[in-house]
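Report on the structure given below.
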Protein chains: 2
Amino acid sequence: MEQQTRPELEKIARLIRYYILTMTTSAGSGHPTSSLSAVELMAGLLFGGSFRYDLDQPGHPNNDRLIFSKGHASPLFYSLWALAGKVTEHDLLTYRRFESRLEGHPTVSFPYTEAATGSLGQGLAIGVGMALNAKLDKLSHRTYVLLGDSEMTEGSQWESIQIAAHYQLDNLIGVLDVNRLGQRGATMYGHDLEAYGQRISAFGWKTITIDGHNLDEVLTAYGEAMESVYRPVMIIARTVKGKGVSQVEDQNGWHGKTLEKDDLLKALGEIGDVDKRVQGVITRPEDKRPVEISPAEAQPLQYERGSSVSTRNAYGNALRRLYPAFPAIVSLDGEVSNSTMAEYFRNDHPDRFFEMYVAEQNMAGAALGFACRGKIPFVSTFAAFMSRAYDQIRMSQYSDGNIKFVGSHAGVSIGQDGPSQMGLEDIAFFRTIHKGVVLYPCDAVSTEKIVEAAAVHRGLVYIRTTRGGTPVIYDQEENFPIGGCKVLRQSAEDRVTVVGAGVTLHEALAAYDELSRENILIRVIDLYSIKPLDEETLREAAQVTDVMLVVEDHYPEGGMAEAVRTALWEARVPVVSLAVRRKPKSGTPEELLNFEEISRGAIVARVRKLIE
Amino acid sequence: MEQQTRPELEKIARLIRYYILTMTTSAGSGHPTSSLSAVELMAGLLFGGSFRYDLDQPGHPNNDRLIFSKGHASPLFYSLWALAGKVTEHDLLTYRRFESRLEGHPTVSFPYTEAATGSLGQGLAIGVGMALNAKLDKLSHRTYVLLGDSEMTEGSQWESIQIAAHYQLDNLIGVLDVNRLGQRGATMYGHDLEAYGQRISAFGWKTITIDGHNLDEVLTAYGEAMESVYRPVMIIARTVKGKGVSQVEDQNGWHGKTLEKDDLLKALGEIGDVDKRVQGVITRPEDKRPVEISPAEAQPLQYERGSSVSTRNAYGNALRRLYPAFPAIVSLDGEVSNSTMAEYFRNDHPDRFFEMYVAEQNMAGAALGFACRGKIPFVSTFAAFMSRAYDQIRMSQYSDGNIKFVGSHAGVSIGQDGPSQMGLEDIAFFRTIHKGVVLYPCDAVSTEKIVEAAAVHRGLVYIRTTRGGTPVIYDQEENFPIGGCKVLRQSAEDRVTVVGAGVTLHEALAAYDELSRENILIRVIDLYSIKPLDEETLREAAQVTDVMLVVEDHYPEGGMAEAVRTALWEARVPVVSLAVRRKPKSGTPEELLNFEEISRGAIVARVRKLIE
């Protein structure tokens, strides 16, 4: 273990303060005071001998991981890597500029960022995922998370704290920078370190309380933290916001504000002489790598055409069946694995299944942690409860997260449980994800193929599954590429194109049967890939039928109809929407499909009206 | 205080069990076992003398409030009101049927439901809002929340626990039904009551641990709870899931399952003889009502045309200015009141401003609690961080919540802080809310008028505000009704209609100036009301210009362009979209508007191309 001397560390801290102040004043925005409070905490971690990292291999599987949950302390973050020799002073002065990789809050455009942060209360969950991954892969590295005191009010923190203790993550170390001040004033507990200590230790963590500006205490704390067995550790540090600059130290009104040029000069005077040649030395990690699991062929599908299988069942089966071909798969579920059917995977691969309990925010964050470490996490809960983690999901797009979210029990077709359990806005939300993929299978075969396509695809994928059974309509050989669709009924005489997916696809097929008995022909398209869309096939259909009818078990806004309207914006063809327009309630699936006018009967009626 | 005798309460509990079992078997779905565990807890509360409620006036301001956070225990909930004489046995047997007001999870179609629940971990936040409201209005009633043990893993619970202690809500009483089993198996802490006690008391609550099936202990606990001063109280009760039915008692695999008819008969035999004439008696509340504050006229607006004011500033000012006219207004903010500018209101009306810290889920839930008690809550944070509370917001539509959400710092135009702070999916989400309203002002005058319209409107409203200053373009006399829009530039020679809102409206106006110098005329529409939309005006414009160009500082999906496409679905007019299509980053607002091609320059270029 290479460890720098105390005077060297003091020099390093001084230079970091110099960088923080100059880069933020140069940028004209940023958070110098929130950075200054954690200088000793972070310098002591990276250069005090505890932290192990191969600077030339940021992806080394046994590198310690450092996540800045308080992402606004990015000036400190970038300065640390400057001290490590990986960022130049010139780079630092590009901070927050359009052409710079040093963004206002860390993103993955900077190679030493583990995950993008900046929405508070998310870093610890990501750390939980990385720490779980290290346990799974039997790696000795640790995961460190720098936390702000303000963000401790986020419930997500307590989800992570609770799960970390439950899984005995003694390889997870939180560093809580208690600088007393939030954005608009004092935090809830101010400098009452005991308040944090009590709460966190009540959840089963080891806590160590220190003066966060005393390097000896900082170094001792990391040493102690590394010795914890079975318990995650929180280092709770009393710090001073703006430490080192008397003008702003412990002052309210200085959050997210930079020093004017004159004040900067005064502040730099207080910091004292800096030696820009000083270098931080980071201990290299043990050269440990996870055991490689070679992919093997997955068992073939076994569905009988016409048999009734719910897509959620097919999802569970697909995950279990495909695992040999995708040994990077892990499964996380929010205490509903017997509904999402992730339990099939859990039963076969208990070590790769993570019960995340009813705590969706931490689940999504932990999934990102797994994804950052090369796993393919499949995350399942009811589609409705995915909304609990929308901020985490939103943020994971900025980390290029390779995560597969699977929302079951979508739409009013769940029936009696009522609106609280119905996912009716999930397509709208997931469609907004930059380069995100939204898939919605209607039968067991397409579900299995879609799960496979999702595992292959690198990026954020959402798969929507259905509670009730639906008939298997596809042959096992059929393929379902992302961005495709299936034209299931067509002729040159088609009058209307009906676009469905999931349950409504079956309603559309039934409507076809009824209408064809009256010699009214409709084209039926299974829009299993809602984003991206098969624009070409839709345009072809629009040319033939001159009117499109999109039927979806979702609210009208942001769903399939709007996706189709967007795809056909140039086609000058009317796109009619049947969607959930009345406040949903309890009832049988059939009653609700009729009530919302997305049933076979409603489709037949609308088609008749359209061709009048 | 009317209190029923111990034998009467036992009779009541027996009849409640009878109802729970018969109604769920009759429905064929529902959660009998989760209901059975809390029978004594709830019978003891309602009919044991503690609870005060005027059955003929559910809206009485001094009624005690009871929220079933574990909404799936609805069979118990409805049975309680049956015992109180407000639901017939015949009603109970309509449970979960399409025509019934007794939905699978409680909704406000049943008059004794305080707020719809069913997504776990939300009831306590609603209770926090009601308890805060009682303190504000100096009412003596208490708020009781029945909690499940599974849902204690939701971070939202800890947000509420923490805030309730912070505000010393000794009028808030949680009843934690620790029945050990979640949906798919044991909970994290099983029957370890101490685990809950430690954690909850570490946050500053008084905790009382009891046997939840022992009526004496239950009654004593409520008595003790009522004596708490300054501290909220959690009654932590050891219970048995399925209590009273040996076949299912404490058994895994019985969550959300009903008894078959044969098993029901056996179970009813175990319950023993029931006396259907038994009635629960509820103590009436003190006839206390809040002091009425008479509305007074608001001060007039004072903006100079052409001056630069950010819409977030105008929001803060509007709230402060309008309060006399809307004395039901309260303001809740997530520790960013100096950014959302809710601080203007806080400074003038500190007693009606509630600092909710960085805990958006509890903030949204508490807002619903206020709304249920007749207040008009304005809830502010960054648009991006609203996503933290999407599940709570989603659920509040099923409570007919009269809440105004105000998201600031929308879009890439915030600049240097980067994507983590940019709300780019908020319009898509809020548009999905059933009967929801989405407003997006572009200047200070329209903001003020829009805040007023939101205060008048009963229902869920989202207002999107902008970080940077924008010129005042409207006269003080202009009105901005919900569902309207403003045609700011028009002539008979218009070639393209450009639709903007917020920052992009100003870009559109600048593009107009540039293009008109070349004698290219465009129509410019301020789409300040995105939902509902002024379809008629858009259709008129579409007839004149034959092409629409929608420019928005939002992702392309679910935003303004799709809203316009939906409004114009019959018009056969191409709707071109300029929106945020590249992964956003840090930079100046101007750089980012250009990068995303939503700037004046991009509009000019696209218009030129469209008329080629």
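Given the DSSP H assignment, sum -39500 (n - 2.57) over each helix run of at least 4 residues in the protein assembly as shown and divide by its residue total; what's the result at 222 nm in deg cm²/dmol, nearest 500? Please list the in-between numbers first.
Numbers: 46 runs with 452 residues, N = 1224.
Calculated from helices alone, the mean residue ellipticity at 222 nm is -11000 deg cm²/dmol.
Only sites in a loop by DSSP and with at most 16 other Cβ atoms within 10 Å count here; which trypsin sites (Lys or Arg not before Pro) in region B:273-327 make the cut? Could you put the intermediate results ahead of the total?
Numbers: sites: B:Lys276, B:Arg277, B:Lys288, B:Arg305, B:Arg312, B:Arg320, B:Arg321; in loops: B:Lys276, B:Arg277, B:Lys288, B:Arg305.
Passing both the DSSP loop test and the Cβ count: B:Lys276, B:Arg277, B:Lys288, B:Arg305.
How high is the relative contact order of region B:379-446, given as a whole-number percent (alpha carbon pairs under 8 Å, six or more residues apart)? Provide the component values of the computation, followed by the final result.
Working: 65 pairs, mean separation 24.7, N = 68.
Across region B:379-446, relative contact order equals 36 percent.
With a cap of 13 neighbouring Cβ atoms within 10 Å, and only residues DSSP puts in a loop, list the GluC sites (Glu not before Pro) found in region B:269-346. Don't skip to the answer; put the middle values down first.
Numbers: sites: B:Glu270, B:Glu286, B:Glu292, B:Glu297, B:Glu304, B:Glu335, B:Glu343; in loops: B:Glu286, B:Glu292, B:Glu297, B:Glu304, B:Glu335.
Counting only loop positions with at most 13 other Cβ atoms within 10 Å, the GluC sites (Glu not before Pro) in region B:269-346 are B:Glu286, B:Glu292, B:Glu297, B:Glu304.
Work out the length of the dipole vector of the protein assembly as shown about its Cα centre, built from +1 on the beta-carbon of each Lys and Arg and -1 on the beta-carbon of each Asp and Glu, and round it to the nearest 20 debye.
Working: 128 positive and 158 negative charges, 18 e Å.
Charge dipole, the protein assembly as shown, about its Cα centre: 80 debye, nearest 20.
Which pairs break 19 Å Cα to Cα here: B:Lys435/B:Lys531; A:Lys404/A:Lys531; B:Lys404/B:Lys486; A:Lys70/A:Lys257?
Details: B:Lys435/B:Lys531 9 Å; A:Lys404/A:Lys531 14 Å; B:Lys404/B:Lys486 23 Å; A:Lys70/A:Lys257 16 Å.
Too far apart for the 19 Å limit: B:Lys404/B:Lys486.
Only Cα pairs under 8 Å and at least 6 apart count here; give the relative contact order of chain B as a rounded whole percent. Provide the component values of the computation, followed by the final result.
Values: 1430 pairs, mean separation 76.7, N = 612.
Over chain B, the number comes to 13 percent.
Given the options B:Gly502, B:Ala325, B:Leu219, identify the residue whose Cα lies farthest towards the positive end of the charge dipole of chain B (+1 on Cβ of Lys, Arg; -1 on Cβ of Asp, Glu).
B:Leu219
On average, how many beta carbons from a partner chain sit within 10 Å of the beta carbon of a residue in B:421-433? Can you show the working numbers first?
Numbers: counts 6, 3, 1, 4, 12, 1, 4, 10, 9, 3, 7, 14, 3.
Average per residue, whole number: 6.
Counting DSSP beta bridges in chain A, what percent are antiparallel, to the nearest 5? Walk me through the numbers before you get to the answer.
On the way: 9 of 65 bridges.
Given both bridge residues lie in chain A, the antiparallel proportion sits at roughly 15 percent.
Among B:Leu66, B:Val472, B:Ser100, flag the residue with its Cα farthest along the positive direction of the charge dipole of chain B, charges on Cβ as +1 for Lys/Arg and -1 for Asp/Glu.
Sorting the options by dipole projection puts first B:Ser100.
With every protein chain left in place, what is the accessible area of A:Leu515 in Å² (1.4 Å probe, nearest 10)?
0 Å²
Defining the label point at 7 Å along Cα→Cβ, can you sort the distances from B:Asn519 to the same site in each other copy, shortest first, in nm?
Inter-copy label distances (nm, one decimal, shortest first): 5.8.
Compute the Cα gyration tensor for region B:1-140, then decide on rounded, prolate or oblate, letting a ≥ b ≥ c be the square roots of its eigenvalues: rounded whenever a/c is under 1.5, prolate when a/b is larger than b/c in the other cases, and oblate in all that remain.
Values: a/c = 1.76, a/b = 1.26, b/c = 1.40.
Oblate, because a/c is 1.5 or more while a/b does not exceed b/c.
Anything over 26 Å Cα to Cα? Flag those among A:Lys585/B:Lys11; A:Lys243/A:Lys266; A:Lys11/A:Lys266; B:Lys138/B:Lys375, in the order listed.
Checking Cα-Cα distances, A:Lys585/B:Lys11 exceed 26 Å.
Using a label point 7 angstrom from Cα along Cα-to-C-beta, what distances in nm, from shortest up, separate B:Asp192 from the other copies?
Computed spacing set for this position: 2.6 nm.
With everything on Cα atoms, drop me the angle between helix B:74-83 and the longest principal axis of chain B, reported from 0 to 90° to the nearest 10.
60 degrees
Please give the charge dipole size of chain A, origin at the Cα centre, charges +1 on K and R Cβ atoms and -1 on D and E Cβ atoms. Round to the nearest 20 debye. Provide the component values of the computation, followed by the final result.
Values: 64 positive and 79 negative charges, 91 e Å.
For this selection, approximately 440 debye.
May I have the pair-distance distribution P(r) for chain A, computed from all Cα-Cα distances with 20 Å bins from 0 and rounded to whole percent?
Answer for chain A: a P(r) of 20, 44, 27, 8, 0 percent.
Scan region B:451-525 for GluC sites (Glu not before Pro) in coil per DSSP, keeping those whose Cβ has at most 11 other Cβ atoms within 10 Å, and list them by number.
Working: sites: B:Glu452, B:Glu477, B:Glu478, B:Glu493, B:Glu507, B:Glu514, B:Glu518; in loops: B:Glu477, B:Glu478, B:Glu493, B:Glu518.
Answer in residue order: B:Glu477, B:Glu518.
Across peptide A:386-396, what mean number of C-beta atoms from other chains lies inside 10 Å of a residue's C-beta?
Numbers: counts 2, 11, 14, 4, 9, 10, 2, 2, 12, 4, 0.
Taking the mean over all residues of the peptide, I get 6.
Helix A:503-517 sits at what angle to the longest principal axis of chain A, using alpha carbons and giving 0 to 90 degrees rounded to 10?
It is inclined by approximately 20 degrees.
Which value in Å does the Kirkwood hydrodynamic radius of the protein assembly as shown take, with 1/r averaged over all unlike C-alpha pairs and then inverted?
Working: mean 1/r = 0.0323 Å⁻¹.
About 31.0 Å, per the Kirkwood formula over Cα pairs.
Based on the Cα coordinates of region B:416-504, what is the per residue volume of their convex hull in Å³?
On the way: hull volume 12.6 nm³, N = 89.
Residue-normalised Cα hull volume stands at 141 Å³.
Tell me which of A:Thr566, A:Phe595, A:Val580 sits at the most positive position along the dipole axis of region A:544-612, charges placed on C-beta atoms (Lys, Arg +1; Asp, Glu -1).
A:Phe595
Tell me the distances, shortest first, between A:Val487 and the same position across the other copies, using label points 7 Å along Cα→Cβ, in nm to one decimal.
Spelled out, the distances from A:Val487's label point are 4.1 nm.
Between the helical axis of A:360-372 and the dominant principal axis of chain A, each derived from Cα atoms, what acute angle in degrees is found, rounded to the nearest 10?
That helix lies at roughly 80 degrees to the long axis.
Taking the Cα centre of region B:88-210 as origin and charging only Cβ (+1 Lys, Arg; -1 Asp, Glu), how large is the dipole, in debye to the nearest 20? Mind showing how you got there, number by number?
On the way: 10 positive and 14 negative charges, 29 e Å.
Taking the Cα centre of region B:88-210 as origin, the dipole is about 140 debye.
Rounded to the nearest 10 Å², what accessible area does A:Thr239 have for a 1.4 Å probe in the complete protein model?
For A:Thr239, solvent-accessible area is about 0 Å².
The values are calculated or read from the model by the stated rules, or taken from the named source; none is laboratory data. All figures in this text were calculated on a predicted structure; none of them were measured in a lab. Heads up, the Cβs are rebuilt from the backbone with ideal geometry, glycines too, and the neighbour counts pull from every protein chain shown. Accessible surface areas use protein heavy atoms only, side chains included; no ligands, DNA or RNA. Shrake-Rupley method; radii C 1.70, N 1.55, O 1.52, S 1.80 Å.
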